[in-house]
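Below is one structure, written out as structure tokens; comments come after it.
Only the coordinates and a few stated rules stand behind these numbers; no lab work does. All values derive from a computational prediction rather than experimental measurement. Cβ atoms come from the backbone with ideal geometry, glycine included; neighbour counts cover every protein chain shown.
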Amino acid sequence: MIYLNIGSNLPLEEGGRETNILKAINHLKNLNLNLIKISSFYETPSYPNSLDPKFINLCVKFESNLKAIELLNELKKIEKKLGRTRIEKNEPRTCDIDIIDFNGEIIKNDELETPHPRLHLRNFVIYPLKEIEPNWFHPIFNKNIDSFFQKLDKNSHNEITRLSKSDILLS
């Protein structure tokens, strides 16, 4: 299984943050992926600058015949179609798509690292991933998603808000 985290904290002219994420999912559907599950939307403060607009994120689970690098290239195209520019690290963005896990493979090169190297520290990844895959297991740390959930500090639990279910997106 492949897991992506999709986020947005800048609206496009024709829609808000949720619309950006929905458009990203529609672009994914056009890649003929077998989309299996989509988490709820979750809102968190922007990191590292909490003065930037808040982020909305969700996690998707799917199968694909694409190779990891092919998928990464397609994701970059989707981000660009949705107005993403890459000038400064962690700047506000219309669309951010991260590969969280690619079929349990451990990949580390100049272009891609899976599982995502900081997923275990990010509430906006842990919450939606736990929602759609409560038994997910980290192939490097040899721990399940619940152990990362339990290690989040109080602030990480308090600052995240589940906004709405997104099951309708599968149809």
**Where a label projected 7 Å from the Cα of Lys54 along Cα→Cβ would reach, residues of segment 1-44 with amide N under 19 Å** = 6-12, 15-22, 39-44
**Prompt:** Based solely on its DSSP helices, what 222 nm [θ] is calculated for the chain when runs of n ≥ 4 H residues each add -39,500 (n - 2.57) and the sum is averaged over all residues, nearest 500 deg cm²/dmol?
**Reply:** -8500 deg cm²/dmol
**Fill in**
Checking segment 1-74 for trypsin sites (Lys or Arg not before Pro) in a loop per DSSP with at most 11 other beta-carbon atoms within 10 Å yields Lys67
**Asked** Quick one: in segment 2-170, what % of C-alpha pairs are over 24 Å apart?
**Response** 31
**Request:** Would you mind checking Lys23/Lys130; Lys54/Lys89; Lys37/Lys154; Lys54/Lys77; Lys130/Lys154; Lys29/Lys77 for any pair whose Cα atoms are more than 21 angstrom apart?
**Result:** Lys23/Lys130; Lys37/Lys154; Lys54/Lys77
**Asked** How far apart, in nm, are the 7 Å Cα→Cβ label points at Glu91 and Lys77?
**Response** 2.4
